[in-house]
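Peer 1: Pasting in a structure now, in structure tokens, and then I'll have a few things to ask.
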Amino acid sequence: MKWALVLAYDGSPFHGSAPQPQVETVVGSLLRALSLLKIEVGDVALAGRTDTGVHARFQVVSFAASDLARESFPRLQAIVPEGIFLRAGMSVPQEFHARHSALWRQYRYRIRRATRDPLFPNAWPLVHELDISAMIEVANWLASVDEFDALCKANSAGGYRRRLLAIDIVDGEGFVDISVVGVSFCHQMVRRIVGALVQVGRGRWSAARVVEAVVARDRAPLCELAPARGLYLWRIGYQPIWEWAAKTVFDRGFDQDWVVIDRLELPFPLEWSAEAPYDPQPVPARTRYAREPDLSEPDLSEPDLSEKE
């Protein structure tokens with residue numbers, strides 16, 4: 001049989017999500033816990049790879065296993081390290097693949113308007129004034145771009161041609177939240193986008209500097225990399241409802257959206273859940289983007305769509 005688990009985690013103590021030798025990772029810890037329960041797994045896939053220190057609200061791991069009894073899920077939760085939370089488990093068709101079956105991903109970045117605050121460690125603390133209007137202007141332009149050489153780490157797997165669907169910025173009470181939705185992302189892309197937006201918001205970079213560097217595919221002028229601790233893999237989309245996701249993340253607010261899973265997010269019926277899925281009300285489609293994305297035929301032709309942020 002094939003299974004999919006939905007995980008949330010605090011990435012601070014882990015060396016990223018994907019298994020690596022000699023270091024503690026999220027999926028490596030999960031596989032070790034499964035082995036302690038005498039559950040043999042294969043064909044393991046991760047919906048979106050995250051770097052050291054990056055968190056997740058909705059990470060999906062698919063794998064083949066002979067059977068997972070309902071009581072296996074709470075036992076598994078008891079074994080995995082602190083900081084990993086098993087949100088849901090599903091049996092899925094054999095053809096399901098956590099990464100290849102995904103239509104889009106949503107990342108969320110949180111900026112704390114303060115000096116370093118021990119009560120809110122998973123955010124980027126900034127005391128500088130930010131021109132949110134200038135940041136939104138650049139964000140709207142970036143949503144129309146196809147080539148991201150200037151905003152990805154050099155030699156990123158799969159190339160630099162990516163398709164963004166939306167970038168939204170909300171200036172909230174004590175926080176600035178940035179949501180980025182796209183079909184796929186290259187290495188460090190979201191953190192570099194956030195870094196550029198913050199530099200524009202602080203007035204250190206002009207919008208023209210960002211536009212010129214992106215158009216020229218020149219990485220050197222856009223060297224600001226936002227800290228990993230403020231970044232969250234927020235949603236993996238297995239249905240073409242990215243507009244709903246982009247709106248919900250801000251209508252509901254950070255804390256409320258963190259603690260609930262919507263049935264719309266789940267690709268298949270639940271076998272087990274640590275929480276009752278929420279049935280959202282329909283919301284109207286958004287229309288304010290620089291271009292209207294076409295999700296009918298997502299471009300999955302790139303050799304490597306593994307996310308690594």
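Peer 1: Looking at the square roots a ≥ b ≥ c of the eigenvalues of the Cα gyration tensor of region 114-236, which shape do they give, rounded for a/c under 1.5, prolate if a/b is larger than b/c, or oblate? Working shown, then result.
Peer 2: Values: a/c = 1.67, a/b = 1.36, b/c = 1.23.
Note, shape of region 114-236 comes out prolate.
Peer 1: Taking 0.36 nm per residue of separation and subtracting the Cα-Cα distance, what length does fully extending Ala154 through Asp255 add?
Peer 2: On the way: separation 101, 0.36 × 101 = 36.36 nm, distance 3.45 nm.
Length difference between fully extended and current span is 32.9 nm.
Peer 1: Give the distance, in whole Å, between the Cα centre of region 110-159 and the Cα centre of region 6-43.
Peer 2: Taking the Cα centre of region 6-43 as reference, the centre of region 110-159 is 28 Å away.
Peer 1: Mind telling me which of Val181, Val54, Val80 comes out most flexible in a GNM of the chain, alpha-carbon contacts under 10 Å?
Peer 2: Comparing Val181, Val54, Val80 in a Gaussian network model of the chain, the most mobile one is Val80.
Peer 1: Here's something else I'd like to know. Name all residues of region 164-180 having a backbone nitrogen under 16 Å from the label point set 7 Å from the Cα of Asp146 along its Cα→Cβ direction, giving them as ranges.
Peer 2: 164-165
Peer 1: At 1.4 Å probe size, with the rest of the protein present, what percent of the exposed accessible area of the chain is carbon and sulfur atoms?
Peer 2: Numbers: 6670 of 13190 Å².
In the chain, the share of accessible area belonging to carbon and sulfur is 51 percent.
Peer 1: Let me check against my output: what whole-number percent is the relative contact order of region 46-180, with C-alpha pairs under 8 Å and at least 6 apart? Numbers along the way, then the final one.
Peer 2: Values: 127 pairs, mean separation 28.3, N = 135.
Rounded, it is 21 percent for region 46-180.
Peer 1: For the chain, what D do you get in µm² per second when you plug the Kirkwood radius from alpha-carbon pairs into Stokes-Einstein at 4 °C and 1.567 mPa s?
Peer 2: Answer from the Stokes-Einstein relation: 65 µm²/s.
Peer 1: Here's a follow-up. For region 30-100, calculate the relative contact order in percent as a whole number, restricting contacts to Cα pairs under 8 Å that are 6 or more residues apart.
Peer 2: 38
Peer 1: Here is a follow-up. Under 8 Å for C-alpha pairs, at least 6 residues apart: give me the relative contact order for the chain, rounded to a whole percent.
Peer 2: Values: 649 pairs, mean separation 72.4, N = 309.
In percent, rounded to a whole number, it is 23.
Peer 1: Whole-Hz Karplus ³J(HN,Hα) for region 247-262, in order, using 6.51 cos²θ - 1.76 cosθ + 1.60 and θ = phi - 60°, x for Gly and Pro?
Peer 2: 7, 4, 4, 9, 4, 7, x, 4, 5, 5, 5, 5, 8, 10, 10, 8
Peer 1: Might you tell me the accessible area per residue for region 218-264, computed with a 1.4 Å probe and given in Å²? Intermediate values should be presented prior to the final figure.
Peer 2: On the way: 1790 Å² over 47 residues.
Computed with neighbouring chains in place, this is 38 Å² per residue.
Peer 1: Oh, and also: Taking R0 as 22 Å, what's the FRET efficiency between Leu37 and Ala64 from their Cβ-Cβ distance, rounded to 0.05? Mind dumping the intermediate values first?
Peer 2: On the way: r = 15 Å, r/R0 = 0.70.
For R0 = 22 Å, the calculated efficiency reads 0.90.
The values are calculated or read from the model by the stated rules, or taken from the named source; none is laboratory data. Owing to the predicted nature of the structure, the values given are computational and were not obtained by experimental measurement. Cβ atoms come from the backbone with ideal geometry, glycine included; neighbour counts cover every protein chain shown. The accessibility values were calculated without ligands, DNA or RNA, using every heavy atom of the protein model including side chains. Shrake-Rupley method; radii C 1.70, N 1.55, O 1.52, S 1.80 Å.
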